[in-house]
2 protein chains.
Amino acid sequence: VSQTTNLGAGAEFDAIRRMLARWGNAAVGIGDDAATIALPRGDSLVVSVDSAVEGQHFKRTWLSPREISYRAVVAAASDLAAMAARPLGLLIAMTVPVSWRDHLDELADGMGEAARVAGTVIRGGNLSDGAELSINTTVLGAAFAPIARSGARAGDAVYVTGRLGAPAAAIRALESNRSPGEFRERFARPVARIREAIWLAERGITAAIDISDGLVADLGHLAAASGVGIDVDAARIPLFDGVDVDLAVSSGEEYELIVTASQALDEREFSRRFDLLLTRIGVVTNRANGGVEVQHASVARARGHDHFSG
Amino acid sequence: VSQTTNLGAGAEFDAIRRMLARWGNAAVGIGDDAATIALPRGDSLVVSVDSAVEGQHFKRTWLSPREISYRAVVAAASDLAAMAARPLGLLIAMTVPVSWRDHLDELADGMGEAARVAGTVIRGGNLSDGAELSINTTVLGAAFAPIARSGARAGDAVYVTGRLGAPAAAIRALESNRSPGEFRERFARPVARIREAIWLAERGITAAIDISDGLVADLGHLAAASGVGIDVDAARIPLFDGVDVDLAVSSGEEYELIVTASQALDEREFSRRFDLLLTRIGVVTNRANGGVEVQHASVARARGHDHFSG
């Protein structure tokens, strides 16, 4: 059963009704076998699905139910940002064990909030019983010219949004039963950089990816898809206060963007507009074997070159 | 991680590579943060998501892994048929416990087969570890004029495709540890009636729904959405060999179609073309309180009317 407002009897339908009531105008057009969406003429559909499974992607003790469902939806929405697509809607297939039933309202609230923050709406879904909480979010977007991972070319500059490291620092603290302190907010309430991506796409970026696995890992995905190498200046990587560069480059679930551009981007204008850093951290190379090299200042000097001296 | 061919190290990526190899040309365009799909000009996007969770929607002992994943995808694709949409692609978010890992190839094969039977391709997905097998399928389709549940009007004829009851008869046998015999095939290998739905939409049907909950339950959904009543002649309901009408009207997971039409449909032409019955089983009424009445011949006669005498 999916996309149902003309609901029959039963606990599943009652639960869906409750969620719809909490979503209010964050849910649209629910009530048929499928949702129908008009695409702007000339645009391509951009779609992705992402899963958040209890014990695999989150720990129940680290986050509130509302934060768990909020993060699940943001992680999916971030894939639209990575393609510079405008969101058209979300479908959410959720498995909710009995032990989570008392938190259904909070789960609904987190999803509704994530939809609003991303500037989109929930257009359908599915609710199942099961052994573990699992939130599977399909994001639908539109773009005239989606930005792929594969467009980076040698000589392009490499930029990253935001300051990195807080999610990894928060997890490290939580795993040691320490308070995550100021790292917690960035970990619990990330934001998909959708508006930022569209702004960047309008300024001619050549490739983009969001940071879900970590800066170096995701630079590696982009480099592999583009058939290029990437050199990063470690000293340029924007660090969250109190995080060192080693942690920052491996910190996942940042949902910041990595983009490449053949012409300089206006970092100050970006920062002013979005209240968010945009930092040039490296350069695309034609290194035959591809891959990512993070160059610490001493290494770069020893090699007699510095990509960022200009 | 989703939509990835430029995969990094790790068991998840290895598993995705294996599935992609088995899917062959049943998977298309995988390898970026999201899939990009062009829609035919003027068409609306039609999307739905459906979940199959172990122990909730299927029992491991009743079906092979290939049948389980095949059915999961067909159940989702059937929502496109219910809207008379042409399929554009599938996204599959799957949670696979360790105990299922040895069956990953068979799970992939069932999905690939279901995609081919539905005339579509897999365009992305997500693979997670977890405690129970869960297959969440998003179906994407396009239609110039999607057929909703809400278009039925008093006086319309009500039709159903196929012969009903085999899935319920198979489950009844399996629950009693009897062999499901000839019921098994219809239960294990249903077909989404996509081509049939498009043919019917071209002939002006007014509403449609697929039978996932059972004939009477889904007629009820259609009646409620349309704000009408529906009278069904029990004697007209097409029965699978060896199934009685009481079982047939409550048999779910049929994935046959219910449609309403203001003009007579050519049942013989339909049956010839699709090797599948199309049967007029009832009529839409303007009964104020809506709902579905299944009228057995004796009842209809006692009331002094028979909607199907003409």
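The values are calculated or read from the model by the stated rules, or taken from the named source; none is laboratory data. Values in this document were obtained by computation on a predicted structure and should not be read as measured data. No Cβ is skipped: glycine too gets one built from the backbone with ideal geometry, and neighbour counts run over all protein chains shown. The accessibility values were calculated without ligands, DNA or RNA, using every heavy atom of the protein model including side chains. Shrake-Rupley method; radii C 1.70, N 1.55, O 1.52, S 1.80 Å.
Looking at B:Glu175, B:Glu202, just one residue is over 20 Å from the mean Cα position of the chain (by Cα) and among the acidic types (Asp, Glu), and that residue is B:Glu175.
Of all residues in the stretch B:229-252, those satisfying the criterion of being open to solvent by 10 Å² or more (accessible area, probe 1.4 Å) and within 14 Å of another protein chain (Cβ to nearest Cβ) are B:Ser250, B:Gly252. Taken residue by residue, the stretch A:200-219 has at least one member that is more than 13 Å from every other protein chain (Cβ to nearest Cβ) and over 21 Å from A:Val283 (Cβ atoms). Residues being of a type outside the set (D, E, K, R), touching a strand residue (DSSP E or B) at 6+ places or on another chain (Cβ under 6 Å), open to solvent by 20 Å² or more (accessible area, probe 1.4 Å) and at pLDDT 95 or above are represented in the stretch A:154-177 by at least one member. The lone criterion from (1) surrounded by fewer than 21 Cβ atoms within 10 Å (Cβ to Cβ); (2) part of a loop (DSSP other than H, G, I, E, B) left unmet by B:Arg273 is number (2).
Selection of the stretch B:199-211 for residues being surrounded by 21 or more Cβ atoms within 10 Å (Cβ to Cβ) and either in contact with a Gly (Cβ under 6 Å, 6 or more places away or on another chain) or part of a strand (DSSP E or B) (or both) yields B:Ile205, B:Ala207, B:Ala208, B:Ile209, B:Asp210.
Taking the conditions exactly as written (within 11 Å of chain A (Cβ to nearest Cβ), under 24 Å from B:Leu174 (Cα atoms) and touching a Leu at 6+ places or on another chain (Cβ under 9 Å)), does B:Ser51 satisfy them or not? Yes. Among the candidates B:Asp244, B:Asp266, B:Asp218, B:Asp233, the residue that is among the charged types (D, E, K, R) and within 17 Å of B:Arg172 (Cβ to Cβ) is uniquely B:Asp244.
Filter the stretch B:187-198 down to the residues that are more than 21 Å from B:Met111 (Cβ to Cβ) and open to solvent by 10 Å² or more (accessible area, probe 1.4 Å), then identify the one that is farthest from the chain's Cα centre (by Cα).
Selected residue: B:Ile198.
Counting only residues that are under 19 Å from the mean Cα position of the chain (by Cα) and either farther than 18 Å from A:Ser134 by Cβ or more than 8 Å from chain A (Cβ to nearest Cβ) (or both), the stretch B:110-141 holds 18 of them.
The one condition from (1) modelled with pLDDT of 95 or more; (2) buried (at least 19 other Cβ atoms within 10 Å of the Cβ) that B:Ala225 does not meet is (1). Among the residues of the stretch A:256-268, at least one is in a loop (DSSP other than H, G, I, E, B), at pLDDT 95 or above, in contact with a helix residue (DSSP H, G or I) (Cβ under 9 Å, 6 or more places away or on another chain) and surrounded by 17 or more Cβ atoms within 10 Å (Cβ to Cβ).
A single entry from A:Val232, A:Val191, A:Val249 fulfils the requirement of being touching a residue at least 60 places away in the same chain (Cβ under 8 Å), in contact with a Leu (Cβ under 6 Å, 6 or more places away or on another chain) and either among the aliphatic types (A, V, I, L, M) or part of a helix (DSSP H, G or I) (or both): A:Val249.
Figure legend. Inter-residue proximity from the stretch A:209-221: first residues under 16 Å from A:Phe240 (Cβ atoms), second residues of a type in the set (Asp, Glu) and outside any loop (DSSP other than H, G, I, E, B), beta-carbon distance below 9 Å, spacing 6+ or different chains. Indicated pairs: A:Ile211/A:Asp218. Evaluation of A:Pro65 against the conditions (1) out of contact with any His (no Cβ under 7 Å at 6 or more places or on another chain); (2) open to solvent by less than 30 Å² (accessible area, probe 1.4 Å) shows that the sole unmet condition is (1). For the stretch B:92-104, the criterion of a residue being facing chain A (nearest Cβ under 10 Å), out of contact with any strand residue (DSSP E or B) (no Cβ under 8 Å at 6 or more places or on another chain) and open to solvent by less than 40 Å² (accessible area, probe 1.4 Å) is satisfied by at least one position. Tell me, yes or no, whether the stretch A:148-161 has at least one residue that is of a type outside the set (Ser, Thr, Tyr), under 16 Å from the mean Cα position of the chain (by Cα) and farther than 22 Å from A:Leu88 by Cα. Yes: the stretch A:148-161 contains one or more residues that are of a type outside the set (Ser, Thr, Tyr), under 16 Å from the mean Cα position of the chain (by Cα) and farther than 22 Å from A:Leu88 by Cα.
Could we say that A:Arg60 is more than 10 Å from every other protein chain (Cβ to nearest Cβ), over 20 Å from the mean Cα position of the chain (by Cα) and either surrounded by fewer than 20 Cβ atoms within 10 Å (Cβ to Cβ) or at pLDDT below 95 (or both) here? It is true that A:Arg60 is more than 10 Å from every other protein chain (Cβ to nearest Cβ), over 20 Å from the mean Cα position of the chain (by Cα) and either surrounded by fewer than 20 Cβ atoms within 10 Å (Cβ to Cβ) or at pLDDT below 95 (or both). Is there a residue being at positive phi and in contact with a helix residue (DSSP H, G or I) (Cβ under 9 Å, 6 or more places away or on another chain) anywhere in the stretch B:202-216? Yes, there is a match, as at least one residue in the stretch B:202-216 is at positive phi and in contact with a helix residue (DSSP H, G or I) (Cβ under 9 Å, 6 or more places away or on another chain). Scanning the stretch B:133-164 for residues that are in contact with a Pro (Cβ under 9 Å, 6 or more places away or on another chain) and in a loop (DSSP other than H, G, I, E, B) yields B:Leu133, B:Phe144, B:Gly162, B:Arg163.
Count, please, the residues in the stretch B:276-296 that happen to be within 30 Å of B:Tyr70 (Cα to Cα) and open to solvent by less than 70 Å² (accessible area, probe 1.4 Å).
5
Just give me the residues in the stretch A:78-91 being closer than 30 Å to A:Arg203 by Cβ, open to solvent by less than 20 Å² (accessible area, probe 1.4 Å) and either in a loop (DSSP other than H, G, I, E, B) or aliphatic (A, V, I, L, M) (or both), in sequence order. Matches in the stretch A:78-91: A:Leu80, A:Ala81, A:Ala82, A:Met83, A:Ala84, A:Ala85, A:Leu90.
Pairing each residue of the stretch B:113-132 that is in a helix (DSSP H, G or I) with any residue that is β-branched (Val, Ile, Thr), provided the two are 6+ apart or on different chains, yields C-beta distances under 7 Å for B:Ala114/B:Val73; B:Ala114/B:Val74; B:Ala115/B:Val73; B:Ala115/B:Val121; B:Ala115/B:Ile122; B:Val117/B:Val191. If we scan the stretch B:110-123, do we find a residue that is within 17 Å of A:Asp33 (Cβ to Cβ) and out of contact with any helix residue (DSSP H, G or I) (no Cβ under 9 Å at 6 or more places or on another chain)? No, the stretch B:110-123 contains no residue that is within 17 Å of A:Asp33 (Cβ to Cβ) and out of contact with any helix residue (DSSP H, G or I) (no Cβ under 9 Å at 6 or more places or on another chain).
Within the stretch B:17-47, the only residue that satisfies the criterion of being in contact with an Asp or Glu (Cβ under 7 Å, 6 or more places away or on another chain), touching a residue at least 60 places away in the same chain (Cβ under 8 Å) and facing another protein chain (nearest Cβ under 7 Å) is B:Ala34.
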